[in-house]
């Protein structure tokens, strides 16, 4: 039993366009007493993902709409600080859909016990080995059916998912071209992550540079951004190409933007465009996890964590993602990791 | 051997926007002497399909670009009028990619011998039992994976492909909603073809009427038109729905039109949008043919032929399709069917 309080980030109103701090409200709520069969978790990290902007729209999506007054949704890593549940010991690390709050009470059914992955850092549960890694692996291998020798284009390539997609593509034997914003990110893709080519979507010659980077066309396009890059990719796709629709971040602040002007290419080139969400039960995580753990252990998957401190920073952190201001997997730290005994 | 001439429709220039007669040229060409191993075919019907407008664009598509000065491409039904080929007898009916011309010489490798399908008319080889029927069957069953109990939306539903798609959907046990232009076509869909509902895209209340006709959402959308109807369908699709991209006729005169404003729904609803062309080798025609022949024999597939006379009418006939002025499978007649002995 503990008397700790619970700071929470509530949705105040559904944002219109760009997120503002006034769209949220911080409150100090009391924590209910721990009931029999329950476990009390202290949040350490909250994952910041582009899909959080999707959750803020005033409609049901692949998850139900969040109502004003409710705690904003969030995926967390935490530590068990009190327990009346036989399956969870104090000090254990767990992951779940905690919501954006300091503490959460659970009956354990929605908690995933995190294995020890040292020497990988705890934050790798969010990137390499968590929903990010699963999204990259299942999207590229299962949805995109990428094969050796094919040209793979990845947008949002310096983002958490995109960076992994490109590296997995290289492991599979694809020629990998990444699209990112700015010369620094592009250099990171080729020099650190081993992409075959990188193209800066902010450069004046973006269209020509993208075409030049894909001299044999595109077989698989892993799309995180939608918009103009999707339009250009449609023009460069090879017959029977696959477009993995993982996200369309360029449209998240405002869904009401015109789509690509050349969607007819889907017919003419017999393309498959397929959306997916890693939460869906069709994605068996075991195969993905085994491969990711092996490749990470072999040092073949580079990753970066970008940590921002304080629950109040969640709204701005989402904007950071939409602006591309982060470098690496973005997360907000609410409390310290437990020190290893 | 024959001394017959050969009237041909040549492409004069690639049309910009709407097709005009000046984009084509009619010529009277001599017919080469029949060589050993060749067969000479007199064209009876030319199929008029929306994809002919695609063939007129000055780019390679799923088939190579047609150059000015070349005979315009066309699928024909014809009768063998001379033969030096052991596999084809005079009087036999054949089908192939004849081109828009009165006669064609062939080594037989590109000719399909047509079986006797009486009491079905010869023109059914173009509709029920030809590329139209194959497109409808393979698109709905193989690409769309339509199942009993699902809601199927079909656009261009009074067109040759759409009318069959809806009827096959009913046979499969789907609830079928068709979109067509005008009250007369809509009445044809429900009263003659047995669609569950029909919606007029020219009506002022199209958006609301479409939503009302799909109270349980849309599981499979068979898209022949693209454009505004695709945008509305994206909004009404159920999770894990399939969009069969058969054609986007609304964009064929001018590819450079904005796409749907809500393409993000592909991600949020985990949709699959897939283009296909019936010429691709992945489509095994045997299963489709067997089902279509059986259903047609049982009187479960209604069809109409819309016949226009004269090779010079081909350009305007394509415009008829784009305008939706035809009623039933459109074809141009160049000569008479042989009388049955």
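Quick note: the coordinates plus some simple rules give every number you see, no bench work behind them. Just so it is clear, the structure is predicted and the values come from calculations on it, not from any experiment. Neighbour counts are summed over all protein chains in view; Cβ atoms, including those assigned to glycine, are modelled from backbone coordinates with ideal geometry.
Note down, for region A:114-252, the three equivalent ellipsoid semi-axes (square root of 5 times each alpha carbon gyration tensor eigenvalue), biggest first, whole angstrom. If you can, show how the numbers build up before the last one.
Working: eigenvalues 116, 53, 39 Å².
With the √(5λ) rule applied to region A:114-252, the semi-axes are 24, 16, 14 Å.
Please compute the Kirkwood hydrodynamic radius over the protein assembly as shown, one decimal place, Å, based on all pairs of different Cα atoms.
27.9 Å
Taking the Cα atoms of region A:113-182, report the difference between the largest and smallest coordinate on each principal axis, in whole Å and largest first.
Sorted largest first, the three principal extents are 37, 29, 19 Å.
For region A:182-240, just list the percent of Cα-Cα distances falling in each 5 Å bin from zero outward, please.
It works out to 4, 18, 26, 30, 17, 4, 1, in whole percents.
Which three semi-axes in whole Å describe the equivalent ellipsoid of chain B, each the square root of 5 times a Cα gyration tensor eigenvalue, listed largest first?
Listed largest to smallest, the semi-axes of chain B are 36, 22, 17 Å.
For B:298, B:16, which order do you get if you count the other beta carbons within 10 Å of each Cβ and list the fewest first?
B:298, B:16
Starting from the Cα gyration tensor of region A:161-204, multiply each eigenvalue by 5, take the square root, and state the resulting semi-axes largest first in whole Å.
18, 9, 8
Of A:316, B:323, how do they rank once you tally other Cβ atoms within 10 Å and put the fewest first?
Fewest to most other Cβ atoms nearby, the residues stand as B:323, A:316.
PRE reach from residue B:63 (point 7 Å along Cα→Cβ): which of region B:89-110 fall under 13 Å by backbone N?
B:96-101, by backbone N distance to the label point.
Out of every Cα pair in region A:20-140, what percent are spaced more than 21 Å from each other?
Numbers: 3302 of 7260 pairs.
Looking at region A:20-140, the distances longer than 21 Å represent 45 percent of pairs.
So what is the 222 nm mean residue ellipticity for chain A from helices alone, if each DSSP H run of at least 4 adds -39500 (n - 2.57) and you divide by all residues, rounding to the nearest 500 deg cm²/dmol? Can you show the working numbers first?
Values: 9 runs with 75 residues, N = 341.
About -6000 deg cm²/dmol.
Nearest 0.05, what FRET efficiency do residue A:89 and residue A:205 give at R0 = 35 Å with Cβ-Cβ as r?
On the way: r = 58 Å, r/R0 = 1.65.
About 0.05, to the nearest 0.05.
Among A:267, A:104, A:308, determine the one that fluctuates most according to a GNM of chain A built with springs between C-alpha atoms less than 10 Å apart.
Evaluated over chain A, the most mobile residue of the options is A:267.
Between residue B:22 and residue A:29, what is the spin-label point distance in nm, taking each point 7 Å from the Cα along the Cα→C-beta axis?
7.2 nm
Within a 10 angstrom radius of the beta carbon, how do B:289, A:252 rank from fewest other beta carbons to most? Intermediate values should be presented prior to the final figure.
Numbers: B:289 17, A:252 22.
Ordered by Cβ neighbours within 10 Å, fewest first: B:289, A:252.
Can you tell me what percent of all Cα-Cα pairs in region A:64-107 are more than 15 Å apart?
Everything past 15 Å amounts to 46 percent.
Mind checking which of B:330, B:232, B:46 has the largest fluctuation in a GNM of chain B, springs on alpha carbons under 10 Å?
The residue with the greatest mean-square fluctuation here is B:232.
Can you compute log10 of I(q)/I(0) for region A:193-296 with the Debye formula, treating each Cα as one identical point scatterer, at q = 0.20, 0.22 Å⁻¹?
Values returned for q = 0.20, 0.22 Å⁻¹ are -1.17, -1.27.
Enter the Cα centre distance for the pair region B:1-38 and region B:311-333, rounded to the nearest angstrom.
Answer, in whole Å: 18.
Which whole-number percent is the relative contact order of chain A (Cα, under 8 Å, 6+ apart)?
Taking the mean separation of contacting Cα pairs over the length of chain A, I get 18 percent.
For label points placed 7 Å from Cα toward Cβ, what is the shortest-first list of nm distances from residue B:145 to its copies?
Copy-to-copy label distances at residue B:145, shortest first: 1.1 nm.
Can you give the percent of C-alpha pairs in region B:241-341 whose distance is more than 16 Å?
77 percent
Mean-square fluctuation check for chain A, GNM, Cα pairs under 10 Å: which of A:28, A:256, A:116 is largest?
A:256
Mind giving me the FRET efficiency for residue B:113 and residue A:240? R0 is 30 Å, r the Cβ-Cβ distance, nearest 0.05 is fine.
0.50
For residue A:282, put the label point 7 Å out on the Cα→Cβ axis and report which residues of region A:113-151 keep their amide N under 16 Å from it.
Answer for this model: A:135-146.
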